[in-house]
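Written below as structure tokens is the structure these notes are about.
Nothing in this text is a laboratory measurement; each read-out follows from the coordinates by a stated rule. Model, not experiment: these values are computed from the prediction. Positions of Cβ are generated from backbone atoms using ideal geometry, with glycine treated the same way; all protein chains shown enter the neighbour counts.
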Amino acid sequence: MRLPALAKREAAPDPSDAAVSKAHGPAGPVQFRLVRYFTVASLVAFAVVAAAFAWFEAKRSDFFRDVQEREGAFFNSTQDQFARRQEEAALRDLLAIHEAGNVNLTRLFANALWERDFAPFVARAASVPIDHCRAIADVVDAKGKTVAPPEKKACFAEAGQRIMALPGFREIDAKVVDSMKKTSVFKIKVFDLRGVTVYSSEHAQIGEDKLSNAGWKRALAGTPASELTHRDRFSAFEGVVENRDLISSYLPVLGPGTDRIVGVFEVYSDVTPFLAQIRGTSTQIKASAAANREKVARVSEENQSQVEASSRVQVGSLLAVLAVLFGVLFLIVRRADGIIAAQELDRDQAHQQLAQSEKMAALGQMVAGVAHQLNTPLGFSKSNVSLVMDQLDQLATPVKVATRISALVRQVPGDKIVLDVGRSRGAIEAIDAAPEDVAAMKEMLGDVLRGIDQMSELVVHMRDFTRLDRARVSEFDVNGGLKSVVYLAKSVIPNSIEVVEAYGPIRQIVCTPSQLNQIFLNLIINASQAIEDRGRITVATREEAGYVRVDVADTGTGIPPEIQERIFEPYFTTKPEGVGTGLGLNVARDIARAHGGDITVDSRPGHGATFTVVLPFEAGGETRAAA
Amino acid sequence: MEAGKGRVLCVDDEPHVVRALHWLLRKDFEVHTTTSATEALQVLGQHDFDVVVSDQRMPGVTGVEFLRDVRKAAPRAMRILLTGYSDLDAMLRSVNESEVYRFVTKPWDIKALPKLIAEAVEISRSTPVVAAEREEAVPATAIQAAESEAAQAHRPATVVLRDGESILLIDDDDGIRRTVREVLGGGVPVRHASNLAEAVHALDQAPASVVISDVRVGKVDVTRLIRLMKQKHPEVVAVVFSGVQDAQVVMDLINQGQVYRFIPKTSKPGLIRLIVDSAIKRHRQLADSPEARRRFQVEAAGEEARRSLHRDVEQSALAFAGASPGALAPAGAAGFVEEGSDEGQGFLHRISGGFRRLFGA
């Protein structure tokens, strides 16, 4: 199940760096998209500004319209009022003039006719009883108005017949008609003090009761009362006239030489031409007023449209300004975004380069240490092999001699052999080899073998450390890894520092061993650097609730509390400039977290520090980092 | 002195190493071996050793620390540091604290090492121990102690030179020049050379008692000058500013230059004064007892080094003469500039002559 995934991950070019950068990705804050944020925020802000401005402009326009309307209304009402008043005044004047005229006419008329003709006639008419007619009750008609019933009217009409039948009627009528002929007076009525129509140039109306007539009542009280009426048909002296404007005046008749009211006249005079004239004038005024109104309305309309046009221009200008502003800001922000992105990229690259160089520095330091450590077995092995080679030269003659003797022994039976050493004496005498030399040589070569073993051990540890020939993610014995790391680290750290290994029984975990080895090496070297002279580093492991826990404790100077928080930050270092990049612990933490674990520190100044790495059993490393 | 084989003590925590050394050296020397420094110090009290060879990396103690103790306990013994680890700091301390005779790297050469030890045995037996080694003129602890004001108070305020003694400072760093002048005080004649040609010229004019030098002036390596000079003039005491990061350069300075002290560039003035003062004393001892000089004998620097130095000196001379002809010439030396029709050539000849006189043809 796991294998295909493993094979795939193995293909990654430089997996530890990949893991580091991956670990950085999710760990960092969500990327701030400047351009998008700016665009949305500024467009919303600009839209709000534009809307508010448009709203104010609309309000202003409405207000202006309102003002204009009120001005127009005021103007119109003024004009209307003026026209109306003018007409009213003309009519009032007309009425007053005609009333005055009628009053005078009545005086004349009364003076001419009353004493001789009307007074006796009125006196006679008084004999005609009307009280029985008045006694007939009024009725309420369909419209709710109190009116005289037909029998009552008939009663009065009958009384009128009796009045007309009275002597003198005909003379009076003839005189009235005669004297009113060719005047603007169309009708004359005479009422007695009872309110009975004793005379009317329209005979049908004689006998009518005026008791409840307001005009009659006023005239009886001494005040003339006039009103303007329009009659479609009217029975005038000279026949029926149509469509006339009339002024009817109830006028008190004073007894000659006295202020006593003796009767009431009603005079209808024709004012049609006057009224037509007044109405003409009035129409002109009204037309002029309407024209003015129209003009005002038009001007108001123009003003309004100008104001609205100006509003639109202003809103439009504002929108244009906002658009330009947005454009400029957008360009700036986009450029800034580009620069920020480029800087971000640069920083990332620099960070990765530094992380890489940090790793390389640690590795380089280790390689140097290992190389020099190799020099010890190499030194004694080389020395021994060279010595043995030199000594082998010295063994050449003894071996040659021994070989000869051996051959002789084989050829000659018996126990005694005579050697002729004539020519070889010098060489044989020069033999300077002791039997223990061979033993010594064997010992020397034995040491060489052990030297080779030491070198092999070193190579095995190096291979275990780098694990380049193994799957990147695999089951890993953390204790074994730590042993290799400690072995290699010992070549770098001073001998005055004792390294104690206290490994507990822990299970194998699935992880990226080369990365964990990197962390362990980093922690152990850091620990050694924290120890100023002599001290002890304790590397311990144990299992703890689903986790493997690795403690690297030193007896060094410890870490002040105020910087404990910061030691895992990138670029934070207490080493002199140029010595550390400040990325070692940062990268270590990234790796631990990519494994689903973490790294923490516990330290009291003066009492050393303990770095603790916890790793879940199924850490995986890159698996998690990629997820 | 004692007849018979030279007595050598080899100390290394790796038993195979001491066994190998034992096998290598047993024929020519009386070899004692131990795998612990503590044990070695006990053995040191029982026998009079001519040479002590120590590993640098041992559990609990470094070779430098051990040899420092050896220097106190057995000042006659020549000290050789054997190391598979070019720890620059350890190398500098091996000079300043242990005054090692040689610095040998692993794997060692089986022909050269016995020869070196034989030479050391011979020197140890034939030359007296210089006084400073007994009284510990510049003890290791003084280097730390000198950092404190209290220690400075016990030291001479100025370095006092006798007639004929002089100090040559080879450095193109104004800051260091100023510091050295301030430290030594106005009364001390310090000659100053800011390039190789000036240095050669100055040494040719008058021998220096103490040469204080940087590793490089400009881009030119000065250590060859020191090494070659020590070869011919072992009585000149060399003090080098240790702004170096190259272990090989330091090793060459130790083995071929017998540098007396390395001064960390960030040193306090008190330490510089202390070192210069003790360097002057060392020079007097060497000047007074020529036989003692052998204790500070150097490994031959090689012809190649001499040739390359000569080339650089010429180039330096040309560059310098071209830049400011006559600028170098002090009042007494004005003549040689005027003589030549070509000032640069005249100067060059002069310098080349000086070079030959100093370092051989």
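Quick look at the values:
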read-out: Pair A:R410, A:L318: separation of 7 Å Cα→Cβ label points (nm); value: 12.3
read-out: Length gained when the stretch A:T258-A:E88 is fully extended (0.36 nm per residue, less Cα-Cα span); value: 57.6 nm
read-out: A:A439/B:Q248 FRET efficiency (R0 35 Å; Cβ-Cβ; nearest 0.05); value: 0.30
read-out: Shielding of A:346-355 by partner chains, average beta-carbon count, 10 Å; value: 0
read-out: Acute angle (nearest 10 degrees) that the helix A:478-490 long axis makes with the longest principal axis of chain A, alpha-carbon atoms; value: 70
read-out: FRET efficiency, 1/(1 + (r/R0)^6) with R0 22 Å, evaluated for A:V139 and A:S212 via beta carbons; value: 0.95
read-out: Candidate lysines - alpha carbon under 29 Å from A:K152, same-chain residues fewer than 8 apart omitted; value: A:K143, A:K187, A:K189, A:K210, A:K217
read-out: Potential lengthening between A:L193 and A:E544 on full extension [0.36 nm per residue; Cα-Cα distance subtracted]; value: 112.8 nm
read-out: Distance between modelled label sites at B:K5 and A:V460, nm, 7 Å Cα→Cβ extension; value: 3.7
read-out: Using alpha-carbon coordinates, inclination of helix A:169-180 to the longest axis of chain A, degrees; value: 60
read-out: Calculated FRET value between A:E301 and A:V49, using beta carbons and R₀ = 35 Å, to 0.05; value: 0.70
read-out: Mean Cβ count within 10 Å, highest first, over the residues of peptides A:182-189, A:428-435; value: A:182-189, A:428-435
read-out: Pairs from A:K400/B:K5; A:K382/B:K265; A:K359/A:K490 whose Cα-Cα separation, in the structure shown, is over 29 Å; value: A:K400/B:K5; A:K382/B:K265
read-out: Taking all pairs of distinct alpha-carbon atoms in the stretch A:346-431, Kirkwood radius in angstrom; value: 18.8
read-out: Largest-first principal axis extents, alpha carbons of the protein assembly as shown, Å; value: 225, 87, 52
read-out: Computed helical MRE - 222 nm, the protein assembly as shown, DSSP H runs ≥ 4 contributing -39500 (n - 2.57), nearest 500; value: -18500 deg cm²/dmol
read-out: Using alpha-carbon coordinates, inclination of helix A:34-109 to the longest axis of chain A, degrees; value: 0
read-out: Whether the stretch B:6-126 is rounded, prolate or oblate, judged on the alpha carbon gyration tensor where a/c under 1.5 counts as rounded; value: rounded
read-out: The stretch B:88-102 and the stretch A:314-364: distance between their alpha carbon centers, rounded to Å; value: 54
read-out: Sorted peptide list for B:210-219, A:305-314, criterion being average Cβ within 10 angstrom, highest first; value: B:210-219, A:305-314
read-out: Averaged over B:98-108, number of beta-carbon atoms from partner chains that fall within 10 Å; value: 3
read-out: Inter-chain shielding of A:384-392 (mean C-beta neighbours from other protein chains, 10 Å cut-off); value: 3
read-out: Rg/Rg_globular for the stretch A:127-279, with Rg_globular taken as 2.2 N^0.38 Å and Rg from C-alpha atoms; value: 1.09
read-out: Hits among aspartates and glutamates - C-alpha to C-alpha of A:K59 under 16 Å, sequence gap 8 or more where chains match; value: A:E69, A:E308
read-out: By average C-beta atoms within 10 angstrom, highest first, the peptides A:242-254, A:81-93, B:288-300; value: A:242-254, B:288-300, A:81-93
read-out: Rounded to 5, the percent of DSSP beta bridges in the protein assembly as shown classed as antiparallel; value: 60
read-out: Where a label projected 7 Å from the Cα of A:S179 along Cα→Cβ would reach, residues of the stretch A:96-114 with amide N under 17 Å; value: A:101-114
